[in-house]
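Taking it in order: structure first as structure tokens, then the write-up.
None of the figures in this text is laboratory data; all of them are computed from the coordinates on show. Please read all numbers here as calculations on a predicted model, not as lab measurements. All Cβ positions, even for glycine, are placed from backbone atoms using ideal geometry, and neighbour counts span all protein chains on display.
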Amino acid sequence: MNRRKFIKNASLTGAGLAVGSTLIHCAEATSKNEENTAVVDTKNNLPLVIATWHVENATTKAMEVLEAGGNALDAVEQGCMVEEANEKGQSVGKGGLPDRDGNVTLDACIMDKNGNCGAVVYLKDITHAVSVARKVMEDTPHVMLAGEGAKQFAISKGFEPEDLLTEASKKAWEEWKVKSEYKPIINIENHDTIGMLAIDNNGDISGACTTSGLAYKLAGRVGDSPIIGSGLFVDNEVGGCVATGLGEEVVKTVGSFLVVELMRQGKTPQEACEEAISRIVKKPNSNYKAFQVGYIAVNKKGETGSFSIHQWFSMTKFQNGVNEQIQSDYFNKA
Ligand code: ASP
């Protein structure tokens, strides 16, 4: 499917956030004629990888790891690393759009089959935030490291610091600075925060999430992506979920944990994602028309689901030799 890019200015009433590269779509157009593919997969063929957005190279890498007998944790880490190294993706890793002061700051987390997890927030100058998160999980007694401490920890583990602000992202930031309007640019792309879930040949589940967060955000802002339970949650007895979109809204509903708990109660991944979106849009005074949130989920059986507030969210799924982008069903069909 061709890469789509729609950019639309709009205000994010009440949120006061600059939303740049993040998936935000304020679709007023009727979507009745659009083909929606609710993803309820009844196959149970492992291994399996799903990821937010159109990231076939990342899911290919993850599947290579799984097919070579690797575990789900290695798969999600290496899959996410593909996009972190991809300078063209302006929402993850190197080349990510900066905050409004020009700093590229990364957030990431990872979670394994045993419920262990690690995260980094406000990480500067290190491309592979997901790998630093894994080191936090495996080599420290902690769950999360932030800022300079996270960077120094990464360097102590052999990560090479480098400038993450590419010419393209610098140019975009300089153009933004002309007006410096602290209001969102509502856009949608086929690429954004990368959240990935995998089930390996043993049937074990792991997940990871990595992002540069909202473009032109306030310095110091951290979203949902590195927050266990919000941007990512895995329970190996039940399934996993990852989120993308306006992180503040995901955090307020502890979205990924909610999806996994709904699956534990018997909902399919699709039903669980729909219910979690409904918790956001049905809040009193929700201004959901001005922001996007999307979830993808997988259960222990290898069934998957995805759902978003607005159209054009998608997931990439690699299962049974097929690596495909699947458009998500969505709430706002008015
Ligand atoms: N969820 C990310 C954040 O709020 C951004 C995104 O997914 O686009 O930082």
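List of remarks:
- Taking the range 68-197 and dividing mean pair separation by its residue count, relative contact order in percent (alpha carbons under 8 Å, at least six apart): 27 percent
- Close amide-amide hydrogen proximity is noted between Met144 and Ala119, each under 5 Å apart and 5 or more residues distant or on a separate chain (H modeled in the peptide plane; Pro and chain starts excluded).
- Residue separation of Asp101 and Asn201 scaled by 0.36 nm, minus their Cα-Cα distance, works out to 31.5 nm of gained length.
- Across the alpha-carbon atoms of the range 217-334, the computed radius of gyration and Dmax are 13.8, 44 angstrom.
- The order of Ile155, Ile199, Ile296, Ile227, going from fewest to most other C-beta atoms within 10 Å of their C-beta, is Ile155, Ile227, Ile199, Ile296.
- Sites Ala219 and Ala168 - FRET efficiency at Förster radius 30 Å, r taken between beta-carbons, to 0.05: 0.90
- Packing order of peptides 269-278, 171-180, highest average first: 269-278, 171-180 (average count of other Cβ atoms within 10 Å over each peptide's residues).
- Maximal additional length on extending the Glu87-Arg264 stretch stands at 59.9 nm, based on 0.36 nm per residue less the C-alpha distance.
- Approximating the spin labels as points 7 Å out from Cα along Cα→Cβ, the Thr60-to-Asn285 distance works out to 4.9 nm.
- In this structure, Ser156 and Ala334 have a Cβ-Cβ separation that, at R0 = 45 Å, corresponds to a calculated FRET efficiency of about 0.30.
- Gain upon complete extension [Lys301, Ala68; 0.36 nm per residue less C-alpha separation]: 81.8 nm
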